[in-house]
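Here's the structure we're looking at; comments come further down.
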Amino acid sequence: MFLSFLRFALLLCSGFPLVIRAADAPISPQAQPFPLADVRLLDGPFKSAQDVNARYLLEVVNVDRLLAGFRAQAKLPAKAERYGGWEARGINGHSLGHYLSAVSALYAATGDPKALKKIEYVVAELAACQQANGDGYVLPVNKQIYEDIRRGQIQASGFSLNREWVPNYNLHKVLAGLRDAYRYAGNKQALAVERGMADYLAGVYKDLTPAQAQEILRAEYGGLNEVFADLSVDTGDPRYLELSRTIFHHDAILDPLEQGQDRLNGQHGNTQIPKIIGIARDYELTGEAKYRTGVQTFWDSVVNLRTFANGGHGEHEHFFPPAQFPQKLGKQDTETCNTYNMIKLTGQMFSWDPNAAEMDYVERGIINHLLSNIGRQPGEFGYFVSFDPIATKVFSKPEGGWWCCVGTGMENPARYGEQVYFHDATSLWVNLFIASELSWKERGIQLRQETAFPDSDTVRFTFKAAAPTKLALRIRHPFWCTRPEVKINGAPVAVKSEPSSYFTIDRVWKTGDVVTLRLPMTLRVEALPHSDGKVVSVLYGPNLLAGIVPAKPGAPDPAKERWDDHLKAPGQVPGTPPVFIAENYEALLRRFQPTGRAFAEFRSVGVVLPQDLTFVPLHRVYEEHYAVYLPFATPTEWKQREEEIRAAEAAKARLDAATLDAVQPGFQQSEVEHNFQSENSETGSFRDRKWRDARTGGWFSYDLAVDPNKPMALIVTYFGGDRGRTFDVLVDGKKVATQKLDGRQNGKFLNVVYALPADSTRRKTKVTVRLQGVGNSLAGGAYDLRVLQADAAKALVPATENP
């Protein structure tokens, strides 16, 4: 790695072109996706979502507000006030990059001239900001951060670089937007702006050591390795590929994967996936085998070991050990950004070696996560999918939150057509059943796919050919379908295939040929991994079903609200969680009866407590209360488990109800939302929980809400085995306690209650809680901080000890 880095540094200094080594040769893909412009969506569930999103991109979003931070940094006059939410904070700028990618993909997918005008305007504005800066720089982030890095002044942690919230993550989104404007819309000015910023960044890194470059990569940086690899293709300049492979190769994460090792537990999910997309791109451009090993190791570890039934993964944005699945059902599961990126990665892998299992995964994720987590009105995007016992979807306000998942949410609908079809010289793969029309210009073929799938089990393909053409049509046989039913021009055709494979129809196709495909759907149970079959979901074909739990009349309904701050959204409602009761899975499914009102809608009969429910596909749930994962028990087992389950749920509910505010150390969004500050602080995982501490007399702090009219208490969770640690607990700068951890209670977690003096909360709605090392002692680690009323803390702490 050092030699590669040195070679790149010499390149920057010398200006000589890089001679690519003989081993560095692009791979030959086995299948290629079609340009997005060659696939047009037709009427169906996916087109409906695309249309709603197009209205948002073209009619609701004020691009001058997204550009406001860029103009301010470049010292240009303001044209509009910047948006609130994340756009009013250190991460502002990422949304503009996502928007530019989204509207560029929309232009490719629809040809809408209004989208092209948006692209041209945004790129011209970025070019003006770059010209005003005079050195290639174009970000809303204070340029001094990068100038300090140039001088070797680097302070990096998971979500902070030189005390700024992930500036390189912002940079990736902006560069990706410029790349997409060039690739989808042919905007050459976008390529020039992208290259100018890339050259500025290369200059920042020029004199850094490899160790300093790796230190920078501790802070989330998106997929800078991917966009620089792409830039090498778009410019023909191999220097950018070398930069991708060296200073943007995060050794601590990628080296183990490239050696076939899974070390993902405790890692922030979407920090890692774009890096994997980057090494996938490096593999495509160099053929270096280690990159493919890293990609395959990662994909297998996530998809086959860590994926929920909706195709998503993670809790509170992080990977957890697979054995912990039963403890991870909550309101912040399966981040949408993660599945967006996993689907993108899967498409790359499919091109190397077409595999139906990969497209089975894409189908699962695109239906049950991406399509499921976008609302019915413009600007409604979901961050997480809640798997709480009684859950609600959480959607953004159209002009409020600007979360990362608003960014990827803007992109998703325009990209639905990307992986529907792949091809080689003689074959056409049909991967996804999405109503669409393909124009294969090189072969003079149009293929029209008409379907309401996944709200139908029937698909109709109609050919139009400039001349009779011999072609192998390869149609995916989904893993959930026992036997497809195929007709050609009305005549039944026997096909030989197995679930999770492709069947091939190789013939001469001519205009008017019709293939009718029926994929019979059946009900099945999928158990939550590592739950011993005692927590299950029910699916119908590709559709994950959700039981609709009736709302309580007259009660405030968070499902009908829209949110600026996704962390403050409940994502769940109180009530008695539903439970499946049956002798076995077969008996359970026999009691699911079609309602006759809509496709894939069922009513349970006598197998759900406390009452039977109607089950519908999760992607059709909007503002209803729902349950996806339900406990499963036989009648005998339920009698034994009921009291224990209800008691645990009641204890958790009491604690949650009493908590005024809480922060989860080590979790990005929780820390950011609580104004995390620190010096010499680190975070990590232990026993599947995240902690934060501070080293050599350092400190860390959070802002937490308090009630100025009531006695308050702070509860901090520590591990009883930590020893030799003495630190002060301060509230708004005043010491409330000195805490010593001596290791005497090894093996369990401890909840320590600190009564907050009345004068520390009087006339205040929030306070700053700080853990400060005494002398050179460590402070923490802290696993949880929460504020609640003092009397509630006394009553509830015994129930929550050793959680």
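Checked against (1) more than 17 Å from the chain's Cα centre (by Cα); (2) farther than 19 Å from Tyr221 by Cα; (3) open to solvent by 10 Å² or more (accessible area, probe 1.4 Å), Arg281 passes all but condition (2). The residues of the range 693-723 that are under 31 Å from the mean Cα position of the chain (by Cα), within 23 Å of His566 (Cα to Cα) and not polar (S, T, N, Q), listed by number, are Tyr702, Asp703, Leu704, Ala705. No other residue among Lys464, Lys470, Lys441, Lys487 is out of contact with any strand residue (DSSP E or B) (no Cβ under 7 Å at 6 or more places or on another chain), at pLDDT 95 or above and open to solvent by 70 Å² or more (accessible area, probe 1.4 Å) apart from Lys441. Of these, Asn92, Asn53, which one is part of a loop (DSSP other than H, G, I, E, B) and touching a Pro at 6+ places or on another chain (Cβ under 6 Å)? Every option except Asn92 fails the conditions. Can you report the number of residues in the range 209-249 which are under 20 Å from the mean Cα position of the chain (by Cα) and surrounded by 21 or more Cβ atoms within 10 Å (Cβ to Cβ)? Qualifying residue count for the region: 10. Being at pLDDT below 95, open to solvent by 30 Å² or more (accessible area, probe 1.4 Å) and in contact with a strand residue (DSSP E or B) (Cβ under 8 Å, 6 or more places away or on another chain): is that true of Lys496 here? Yes: the conditions hold for Lys496.
Here Ile91 passes the criteria (1) of a type outside the set (Gly, Ala, Ser); (2) farther than 30 Å from Leu438 by Cα; (3) touching a Phe, Trp or Tyr at 6+ places or on another chain (Cβ under 9 Å); (4) at pLDDT 95 or above except the one numbered (4).
Residue pairs whose Cβ atoms lie under 8 Å apart, separated by 6 or more positions or on different chains, with the first residue in the range 375-389 and more than 20 Å from Leu545 (Cα to Cα) and the second of a type in the set (D, E, K, R) and surrounded by fewer than 22 Cβ atoms within 10 Å (Cβ to Cβ), are Pro378/Arg55; Pro378/Glu59; Gly379/Lys397; Gly379/Glu399; Glu380/Arg562.
Flag: Val174 does not match the condition of being in a helix (DSSP H, G or I), of a type in the set (A, V, I, L, M), surrounded by 24 or more Cβ atoms within 10 Å (Cβ to Cβ) and out of contact with any Gly (no Cβ under 7 Å at 6 or more places or on another chain). Restricting attention to the range 51-97, the residues that are open to solvent by less than 10 Å² (accessible area, probe 1.4 Å), farther than 20 Å from Val138 by Cβ and not hydroxyl-bearing (Ser, Thr, Tyr) total 2. The residue of the range 150-171 that is most open to solvent (accessible area, probe 1.4 Å), among those that are farther than 24 Å from Glu671 by Cα and in contact (Cβ under 8 Å) with a residue 12 or more places away in the chain, is Arg150. Counting only residues that are small (Gly, Ala, Ser) and open to solvent by 50 Å² or more (accessible area, probe 1.4 Å), which one in the range 740-794 is farthest from Arg695 (Cα to Cα)? Out of the qualifying residues, it is Ala758.
Residues considered: Lys188, Lys206, Lys143. Of these, the only one that is in contact with a Leu (Cβ under 8 Å, 6 or more places away or on another chain) and open to solvent by 10 Å² or more (accessible area, probe 1.4 Å) is Lys206. Does Phe395 fit the bill of being over 24 Å from Gly541 (Cβ atoms), in contact with a helix residue (DSSP H, G or I) (Cβ under 6 Å, 6 or more places away or on another chain), buried (at least 23 other Cβ atoms within 10 Å of the Cβ) and modelled with pLDDT of 95 or more? Here the answer is no, as Phe395 does not meet what is asked.
Taking the criterion of being in contact (Cβ under 8 Å) with a residue 24 or more places away in the chain, in a strand (DSSP E or B), more than 25 Å from Thr392 (Cβ to Cβ) and in contact with a helix residue (DSSP H, G or I) (Cβ under 9 Å, 6 or more places away or on another chain), would at least one residue in the range 540-560 satisfy it? No; the residues of the range 540-560 include none that is in contact (Cβ under 8 Å) with a residue 24 or more places away in the chain, in a strand (DSSP E or B), more than 25 Å from Thr392 (Cβ to Cβ) and in contact with a helix residue (DSSP H, G or I) (Cβ under 9 Å, 6 or more places away or on another chain). Of all residues in the range 288-316, those that are open to solvent by less than 30 Å² (accessible area, probe 1.4 Å) and at positive phi total 2.
Within the range 570-612, which residues are in a strand (DSSP E or B) and either aromatic (Phe, Trp, Tyr) or touching a residue at least 12 places away in the same chain (Cβ under 8 Å) (or both)? Within the range 570-612, Gln572, Val579, Phe580, Ile581, Phe592, Gln593, Phe602, Arg603, Ser604, Val608, Leu609 qualify.
Could you list, in sequence order, the residues of the range 191-203 that are open to solvent by less than 30 Å² (accessible area, probe 1.4 Å) and either closer than 18 Å to Gly134 by Cβ or not in a helix (DSSP H, G or I) (or both)?
Val193, Glu194, Gly196, Met197, Ala198, Tyr200, Leu201, Ala202, Gly203
For the range 98-118, the set of residues classified as β-branched (Val, Ile, Thr) and either over 14 Å from Leu57 (Cα atoms) or buried (at least 24 other Cβ atoms within 10 Å of the Cβ) (or both) consists of Val103 only.
If you go through the range 165-173 one residue at a time, do you hit one that is of a type in the set (Lys, Arg) and either over 20 Å from the mean Cα position of the chain (by Cα) or at pLDDT below 95 (or both)?
Checked the range 165-173: no residue is of a type in the set (Lys, Arg) and either over 20 Å from the mean Cα position of the chain (by Cα) or at pLDDT below 95 (or both).
Go through the residues of the range 415-434 one by one and say whether even a single one is in contact with a Gly (Cβ under 8 Å, 6 or more places away or on another chain) and either of a type in the set (Val, Ile, Thr) or open to solvent by less than 10 Å² (accessible area, probe 1.4 Å) (or both). Yes, the range 415-434 contains at least one residue that is in contact with a Gly (Cβ under 8 Å, 6 or more places away or on another chain) and either of a type in the set (Val, Ile, Thr) or open to solvent by less than 10 Å² (accessible area, probe 1.4 Å) (or both).
Of all the numbered requirements in (1) modelled with pLDDT under 95; (2) assigned to a helix (DSSP H, G or I); (3) over 23 Å from Ala219 (Cβ atoms), Ala78 misses one, and that requirement is (2). Of note, Pro529 satisfies the criterion of being touching a helix residue (DSSP H, G or I) at 6+ places or on another chain (Cβ under 7 Å), touching a residue at least 60 places away in the same chain (Cβ under 8 Å) and open to solvent by 10 Å² or more (accessible area, probe 1.4 Å). Would the range 669-678 turn up any residue that is under 29 Å from the mean Cα position of the chain (by Cα), surrounded by fewer than 18 Cβ atoms within 10 Å (Cβ to Cβ) and at positive phi? The answer is yes; a qualifying residue exists.
Exactly one of these conditions fails for Gly666: (1) over 25 Å from Arg562 (Cα atoms); (2) open to solvent by 40 Å² or more (accessible area, probe 1.4 Å); (3) in a loop (DSSP other than H, G, I, E, B); (4) not charged (D, E, K, R). Give me its number. Unmet condition: (2). Highlighted here are the strands (runs of 3 or more DSSP E) found entirely within the range 715-790 that include at least 2 residues which are farther than 20 Å from Ala658 by Cβ and modelled with pLDDT of 95 or more: 723-731, 734-742, 766-773. Among the residues of the range 634-660, just one is outside any helix (DSSP H, G or I), under 23 Å from Val573 (Cβ atoms) and open to solvent by less than 60 Å² (accessible area, probe 1.4 Å), namely Thr659.
The values are calculated or read from the model by the stated rules, or taken from the named source; none is laboratory data. Just so it is clear, the structure is predicted and the values come from calculations on it, not from any experiment. Here Cβ is always computed from backbone atoms with ideal geometry, including for glycine, and neighbour counts include all displayed protein chains. Areas reflect the complete protein model, heavy atoms only, side chains present, ligands, DNA and RNA absent. Shrake-Rupley method; radii C 1.70, N 1.55, O 1.52, S 1.80 Å.
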